[in-house]
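Written below as structure tokens is the structure these notes are about.
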Amino acid sequence: MQQAEFCPIVDLTRCLTDLLFDAQQLPAEGKVADYIPALSEVSPTRLGIAVATLDGKVCAAGDSQMPFSIQSLSKTFALTMAMQLQGDELWQRVRMEPSGQPFNSIVQLEWEQGIPRNPVINAGAIVVADVLASHYSASKNTFLMFIRRLAQCQQIYIDPKVYASEQQHGSRNAALAYLMKSFGNIQSEVPQVLEQYFHQCSVEMSCEQLARSWLYLANRGVDPVSNEQICSRKDAHRINAILSTSGMYDQSGEFAFTVGLPAKSGVGGGIVAVVPNYGVIAAWSPRLNKFGNSNLAMYLIRRLAEQLGLSVY
Ligand code: GLU
């Protein structure tokens, strides 16, 4: 793969500020997630972007330091941990194929005997949460500590309001978990697994923290700042492959087609994209399109990727 050019920090910051300005001129389309009341309270005009590069620099614009609900972005962190714990056995319990179904769909799971299509749809992420809950006695705390270590920041917390809301409105995720339990694909007790899963979704982080914490995926599993091996080179490759094919819900094909970067989206409005050998882009805007992807975060990442020639294809 070709090495992306490092853009000088002043130019990159200017470029992000200009892109943000362009995004603010676009018509306000889409809707803030409202499947839980706690998320619907976020101001729809929030907009931020951060780029962390392998040389340890972070450039940013807009609301890049404001924490927001990471939701499904947490699936990438949890997957990284579960891959270390379960090795190749994990792929007997969850597959690596795009689902072609909404992220919380239940129909496919019945046809396919409780084996989710991939670890970044809800069913697959619940299996991953089960791996963590079954392995660690304090799995929620271990998960949070892992994120803090990656972000090099201790000030990362759960939003208790979002967590309570997730629990209260989590019937569909509970249905997925019980169905998989009936097929023998969940080892711990379902309430404990759901607690782990909801806890992961309720973490709050800013664009700058997110960009910083995903750098190992752009650098073959090694955190370029601490030099720590976070996951194997093979696992970094596999995670990026899954993000490329399934990370953007039912718009993953279109995102690969137009942007060409492994990326994960969350219904909190955040999108994180990995640029191998270069760095990580994290963007946030709460208004979502019909697929659950943030309109303006996608716009910012697409424009930046075009301008800097970042596509991996
Ligand atoms: N907490 C959400 C759920 O489990 C996460 C959805 C998402 O961000 O894709 O339904």
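Against the longest principal axis of the chain, how steep is helix 295-308, in degrees 0 to 90 to the nearest 10, with axes from Cα atoms?
Long axis of 295-308 versus the principal axis of the chain: about 50 degrees.
What does the charge count around Ser202 come to, taking other residues whose C-beta lies under 12 Å from its C-beta (Lys +1, Arg +1, Asp -1, Glu -1)?
-2
Angle between the Cα long axis of helix 171-182 and the longest principal axis of the chain, 0 to 90 degrees, nearest 10?
50
In vacuo Debye scattering of the chain, one point per C-alpha: log10 I(q)/I(0) at q = 0.09, 0.14 Å⁻¹?
With no solvent term, the Cα-only Debye profile gives -0.39, -1.01.
For Ala52, what is the net charge nearby, where nearby means another residue's Cβ is under 9 Å from its Cβ and Lys, Arg count +1, Asp, Glu -1?
On the way: positive: Lys57, Arg212; negative: Glu208.
Local net charge: +1.
Which residue fluctuates the most in the chain, going by a Gaussian network model with Cα springs under 10 Å, if the choices are Ala60, Ala50, Ala175?
Largest GNM mean-square fluctuation: Ala175.
On average, how much accessible surface per residue is there in the stretch 119-181, in Å², for a 1.4 Å probe, leaving out ligands, DNA and RNA?
On a per-residue basis, the stretch 119-181 sits at 43 Å².
Nearest 10 degrees, 0 to 90: what angle lies between the long axis of helix 139-151 and the longest principal axis of the chain (Cα atoms)?
Helix 139-151 sits roughly 10 degrees off the main axis of the chain.
Just from its helices, what would the mean residue ellipticity at 222 nm be for the chain, if runs of 4 or more DSSP H residues each count -39500 (n - 2.57) and the sum is divided by every residue, rounded to the nearest 500 deg cm²/dmol?
That calculation yields -14000 deg cm²/dmol at 222 nm.
Which entries of Lys31/Lys161; Lys234/Lys264; Lys140/Lys290; Lys57/Lys140 have Cα-Cα distances beyond 26 Å here?
Those over the limit are Lys140/Lys290; Lys57/Lys140.
Carbon and sulfur atoms: what percent of the 1.4 Å accessible area of the chain do they account for?
51
Hey, can you find the accessible area per residue of the stretch 244-313 for me, probe 1.4 Å, expressed in square angstrom?
Value returned for the stretch 244-313: 29 Å² of accessible area per residue.
The values are calculated or read from the model by the stated rules, or taken from the named source; none is laboratory data. Model, not experiment: these values are computed from the prediction. Reconstructed Cβ throughout: ideal geometry from the backbone, glycine too, with neighbour counts over all protein chains shown. Quick note on the areas: whole protein, heavy atoms, side chains included, nothing else; ligands and nucleic acids left out. Shrake-Rupley method; radii C 1.70, N 1.55, O 1.52, S 1.80 Å.
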